[in-house]
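Following: one structure in structure tokens, then a few remarks.
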Amino acid sequence: MAYFLGRDVSVGLLTENTTNGVTTAGVANATGTFADNKSGTAVAVSDLTGVDIGLAVTDEDITYMGKKSVLKAEIKRETTVSLTRKKSDMVWDKIFELARWGIDSTDAIHDGLTEPPDDAAAIEDFGYAIIVTLKTGSTLTVHNAQITGHTVSLNADGSTEETMEFISYSDVEVN
């Protein structure tokens, strides 16, 4: 697990679809785009205060009758990314309600009721790509991420922050 302050990194969001992004049209007090399409330029997360990245592997122990050795089989890899920013509008609330899984190959918002396709070409149309760029210029890209949570924190002085949580089972690219 790694935690970065917002001043130490910049984060951009893309959809995995090559033709359409997720816009904030129709969201109160919001303009612009939540995530641009894959062939576009990543949309920067504004007022970022923190980024938490977690990498996990789930193993299973397999033993065979009459054998003393144990086989460890990797079941899945999981990457979680939590983005925290100062709350300035209702965009993340609406995105959590409507576009958790990104845009599909027909340029419609995924409804989350269908499985992503098995073929490698179509899987590219599922979820979001999160690009975390460090001050050193190194980047970490998480593909096919889906939104799993959204929270808003309130303080006594009235300032608020919101956190968007993403999860992906795809491999992480590090450059």
*Most fluctuating residue of ARG85, ARG77, ARG100 in a GNM of the chain with Cα springs under 10 Å: which is it?*
ARG77
*Pairs of Lys in the chain closer than 30 Å at Cα, counting only those 8 or more apart or on different chains*: 10
*Spacing of the two label points (7 Å from each Cα toward its C-beta) at SER39 and THR148, in nm*: 3.2
*Set the Förster distance to 22 Å, then compute FRET efficiency between THR49 and LEU134 from the Cβ-Cβ distance, nearest 0.05.*
0.85
*Given a Förster distance of 41 angstrom, what is the FRET efficiency for ARG7 paired with ASP61, based on the Cβ-Cβ distance and rounded to 0.05?*
0.45
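Every number in this text was worked out from the coordinates using simple rules, so none of it is lab data. Small disclaimer: the values here were computed from a predicted structure and weren't measured. Here Cβ is always computed from backbone atoms with ideal geometry, including for glycine, and neighbour counts include all displayed protein chains.
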